[in-house]
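See structure below.
The values are calculated or read from the model by the stated rules, or taken from the named source; none is laboratory data. The model shown is predicted, which means the values in this text are computed figures rather than measured ones. Counting neighbours? That spans all protein chains shown, and the Cβs are built from the backbone with ideal geometry, glycine included.
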Amino acid sequence: MLDKSLTEFLEQGLAIHMGTRNAHMEPNGCRVAAVRVEEQGQHLVAYVPKAATAEVLDDLQNNGQAAVSLARPSDDRAVQVKGQFLALRDADASEEAFVMAQWRGLLGQLDAIGLAGTAATSTWSVWPCVAVTIRVTQIFSQTPGPEAGSVI
Amino acid sequence: MSLQLDQLTPCFQGIVPAMLFTCSKDGTPNAAFLSHVDYVDASHVALSFQFFNKSRRNIVENPRALVRVIDPDTHQGYKLRLTFDRSETSGPNFERMHLRIEAIASYCGLKGIFKLKAADIYKVDSIELVPEETGVKERWSPRGRRRAEDPVFTMKALQELSTRINASECLDNLFDSILSGLKEYFGFSHAMILLTGEKPNTLVTIASKGYPAGGVGSEVQFGEGVIGVVAEAQQPIRISGLIRGILHAYAAKRRAEDRGWRPQEAVPLPGLKNPASQLGVPLVVGNELVGVICIESETPYRFHEEDKTTIGLLGSYLAVAIQNMQKKEAEHPAPLQKLVPVPPPPSAASQAPSNGRRELTFYRGEEVVMLDGEYLIRSLPARILWKVLQTHKEHGRAEFTNRELRLDKSLNLPEFKDNLETRLLLLRRRLDEKSPDIRIVPRGRGRFALELASEIQLTEKG
């Protein structure tokens with residue numbers, strides 16, 4: 001379960017990717033613009049840009065397995081959430097501000113470490129998004145180092 | 001136009017972290033940031049294997065992977081579908097990745113904990129554009145190769161630098177010509193030249209440009225920091241996105257410390273406090289390392305893949321130029337008219353202590369001279385300075401010749417390649433930086449003078 005402290009970390013605006021796999025055990029992956037923790041930390045909603053690869057959404061609906069990696073560029077603290085796909089819907093307009101605030105949070109961090117996040121991503125598609133809800137099954141530390149991969 | 005791997009080489013500079021997607025045998029996906037992706041050949045890439053993490057375990061079970069990379073020039077995202085081929089723990093692919101990781105690890109005091117276990121080689125099955133990460137329009141030359149927007153290492157710049165270097169009359173002038181030429185023709189404002197020191201496996205800074213503190217006389221051990229690793233491996237190292245690499249290493253360091261690991265003392269990197277990219281070039285003639293030139297930039301992506309060959313050429317040329325000048329000065333000291341004594345800097349008198357006295361202490365065991373309790377210089381330059389100061393004090397003599405130093409057994413000069421002129425230059429520059437009231441001034445063909453604007457007190461300790 002994602003507790004309050006972890007929720008605050010995850011929702012601050014991180015570099016987020018979702019990994020899936022198809023029936024041939026080939027991995028797929030896409031960028032995620034933002035996440036929201038729901039249901040007392042049991043669910044994670046990942047906002048995937050609509051422009052992102054359709055393969056990920058197909059995989060989710062076919063086998064339901066998902067891995068979401070979330071990393072803070074300023075110190076490389078990172079977490080991976082594994083889960084089971086529950087639902088997929090178009091994100092509505094009321095969620096745009098929430099998503100874009102997290103996205104800007106990420107860009108601010110990238111700017112701060114010299115990666116020119118704001119300028120570099122000006123041509124990227126972030127919104128509109130689809131909201132993918134997964135049930136959290138496992139949480140791992142992914143901060144680089146000998147403890148990477150340990151269960152949180 | 002189908003995408004070719006060699007068009008993506010800027011993606012492999014480590015500026016923007018890559019993302020690795022794998023899947024276990026039972027179908028559980030995994031997504032993880034990846035430290036390094038490197039270009040191997042037109043159909044293979046190498047991924048860094050540093051820790052036995054879930055991605056690595058998945059690859060053992062299921063060799064298929066997906067890597068997403070971003071072009072730092074255009075910001076276009078690409079996804080590479082890969083199949084694991086082999087692991088390499090030696091050879092050029094491993095060495096190239098190892099050097100970069102080793103340099104960052106050394107900088108962070110993380111040698112031994114942040115290291116490359118293997119370069120995992122993957123066959124690239126396909127390359128696709130990432131639809132949500134659309135970049136700015138690609139720049140291609142008519143040949144279909146990338147055209148750098150702002151080329152740095154041009155033949156014109158090399159030619160102009162070469163012309164300036166060829167006009168140098170002495171070592172002193174040569175080092176200044178190299179550094180000013182790098183700034184003027186290449187746009188590199190921050191650079192330093194280190195030469196091999198008297199102590200084995202040590203480099204000593206002989207000249208620098210663009211730093212508040214010149215740092216002449218500062219030492220770097222082989223294997224320490226980017227410069228030391230360049231010297232040890234005798235291979236150039238380009239590090240773009242240095243800040244990213246260091247952040248990654250520090251994250252690993254914090255986790256290791258949590259487990260009780262204690263770091264070695266970090267070696268302070270000479271130069272910029274937070275360089276975004278660095279280039280270390282070994283200066284090698286034949287198999288002999290003459291020194292290392294280190295160029296730094298606050299721009300994250302200053303040294304491009306396309307520059308690799310020219311960088312190697314530049315290093316070879318500078319090495320030959322320095323070695324030739326060292327030989328020339330030893331065999332034929334510069335003519336009198338070229339060694340016009342430099343007038344004392346206006347601040348020389350004002351930089352003397354208020355009581356007009358300097359205390360110099362020579363620690364014979366350590367071969368170190370301290371000035372008013374602070375480190376001044378060590379090894380042969382220290383022995384020379386002490387000899388000159390003592391002679392001046394005992395006999396009142398102020399002029400000296402290189403020849404008499406060479407014949408003086410007490411100085412213990414190496415019989416072969418003593419590099420006396422270089423050591424004298426080092427001493428002169430160090431004194432100029434640290435105490436302009438004590439000067440070593442060239443006086444013509446193989447001669448120099450000691451000029452004192454302060455009263456000096458000499459103490460020798462064992």
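A:Asp90 falls short on exactly one of the conditions (1) surrounded by fewer than 23 Cβ atoms within 10 Å (Cβ to Cβ); (2) over 12 Å from the mean Cα position of the chain (by Cα); (3) without any contact (Cβ under 8 Å) to a residue 40 or more places away in the chain, and that condition is (3). Regarding A:Asp58, is this residue in contact (Cβ under 8 Å) with a residue 60 or more places away in the chain and out of contact with any Lys or Arg (no Cβ under 8 Å at 6 or more places or on another chain)? Here the answer is no, as A:Asp58 does not meet what is asked. Taken together, the residues in the range B:105-118 that are modelled with pLDDT of 75 or more and either touching a Gly at 6+ places or on another chain (Cβ under 8 Å) or in a loop (DSSP other than H, G, I, E, B) (or both) amount to 3. One residue stands out among those in the range A:106-122 that are hydrophobic (A, V, I, L, M, F, W, C) and not in a loop (DSSP other than H, G, I, E, B): the one that is farthest from A:Cys30 (Cα to Cα), which is A:Ala112. Looking at B:Gly14, B:Gly27, just one residue is facing another protein chain (nearest Cβ under 9 Å), out of contact with any Asp or Glu (no Cβ under 7 Å at 6 or more places or on another chain), assigned to a loop (DSSP other than H, G, I, E, B) and on the phi > 0 side of the Ramachandran plot, and that residue is B:Gly27.
Restricting to the range A:71-105, what's the tally of residues that are assigned to a strand (DSSP E or B) and among the polar types (S, T, N, Q)?
Within the range A:71-105, the subset assigned to a strand (DSSP E or B) is A:71-72, A:77-90.
This time we only want the ones that are among the polar types (S, T, N, Q), so: A:80, A:84.
Total satisfying the criteria: 2.
Among the residues of the range B:37-70, write down those that are in a loop (DSSP other than H, G, I, E, B) and in contact with a Gly (Cβ under 6 Å, 6 or more places away or on another chain). Answer for the range B:37-70, where residues must be in a loop (DSSP other than H, G, I, E, B) and in contact with a Gly (Cβ under 6 Å, 6 or more places away or on another chain): just B:Asn53.
Of everything in the range B:197-233 that's aliphatic (A, V, I, L, M) and closer than 18 Å to B:Tyr375 by Cβ, which residue is surrounded by the fewest Cβ atoms within 10 Å (Cβ to Cβ)? Once the filter is applied, the top-ranked residue is B:Ala213.
Is it the case that B:Glu399 is in contact (Cβ under 8 Å) with a residue 12 or more places away in the chain and either within 27 Å of the chain's Cα centre (by Cα) or crowded, with 18+ Cβ neighbours inside 10 Å (or both)? So B:Glu399 does not fit the description; no.
Scanning the range B:60-100 for residues that are under 23 Å from B:Ile237 (Cβ atoms), buried (at least 22 other Cβ atoms within 10 Å of the Cβ), within 12 Å of chain A (Cβ to nearest Cβ) and in contact with an Asp or Glu (Cβ under 8 Å, 6 or more places away or on another chain) yields a single hit, B:Ile70. Within the range A:123-147, restricting attention to residues that are within 23 Å of A:Gln84 (Cβ to Cβ) and either assigned to a loop (DSSP other than H, G, I, E, B) or among the hydroxyl-bearing types (Ser, Thr, Tyr) (or both), the residue that is nearest to the other protein chains (Cβ to nearest Cβ) is A:Gln142.
For (1) at pLDDT 85 or above; (2) crowded, with 19+ Cβ neighbours inside 10 Å, each residue gets a yes or a no:
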{"site": "B:Leu247", "(1), (2)": "no, yes"}
{"site": "B:Trp261", "(1), (2)": "no, no"}
{"site": "B:Ala266", "(1), (2)": "no, no"}
{"site": "B:Val285", "(1), (2)": "yes, no"}
{"site": "B:Arg302", "(1), (2)": "no, yes"}
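Scanning the range A:78-109 for residues that are within 14 Å of chain B (Cβ to nearest Cβ) and out of contact with any strand residue (DSSP E or B) (no Cβ under 8 Å at 6 or more places or on another chain) yields a single hit, A:Leu107.
State whether one or more residues within the range A:48-60 are of a type in the set (Ser, Thr, Tyr) and more than 10 Å from chain B (Cβ to nearest Cβ). Break it down into steps so the answer makes sense when it comes.
First, the residues of the range A:48-60 that are of a type in the set (Ser, Thr, Tyr): A:53.
Remaining after also requiring more than 10 Å from chain B (Cβ to nearest Cβ): none.
No, that holds for no residue.
Looking only at the range A:33-46, which residues are more than 10 Å from every other protein chain (Cβ to nearest Cβ) and hydrophobic (A, V, I, L, M, F, W, C)? Walk me through how you get there before you give the answer.
Kept after step one, since they are more than 10 Å from every other protein chain (Cβ to nearest Cβ), are these residues of the range A:33-46: A:34-46.
If the condition is that a residue be more than 10 Å from every other protein chain (Cβ to nearest Cβ) and hydrophobic (A, V, I, L, M, F, W, C), then A:Ala34, A:Val35, A:Val37, A:Leu44, A:Val45, A:Ala46 are the ones that fit.
For the range B:30-54, name all the residues that are over 30 Å from A:Thr118 (Cα atoms) and touching a strand residue (DSSP E or B) at 6+ places or on another chain (Cβ under 8 Å). Steps first, answer last, please.
So in the range B:30-54, the residues over 30 Å from A:Thr118 (Cα atoms) come out as B:40-44, B:49-54.
Matches in the range B:30-54: B:Val40, B:Ser43, B:His44, B:Phe49, B:Asn53, B:Lys54.
Residues satisfying the criterion are absent from the range B:78-93 (criterion: modelled with pLDDT under 95, assigned by TED's automatic domain parsing to the domain that holds B:Val16 and in contact with a Pro (Cβ under 9 Å, 6 or more places away or on another chain)).
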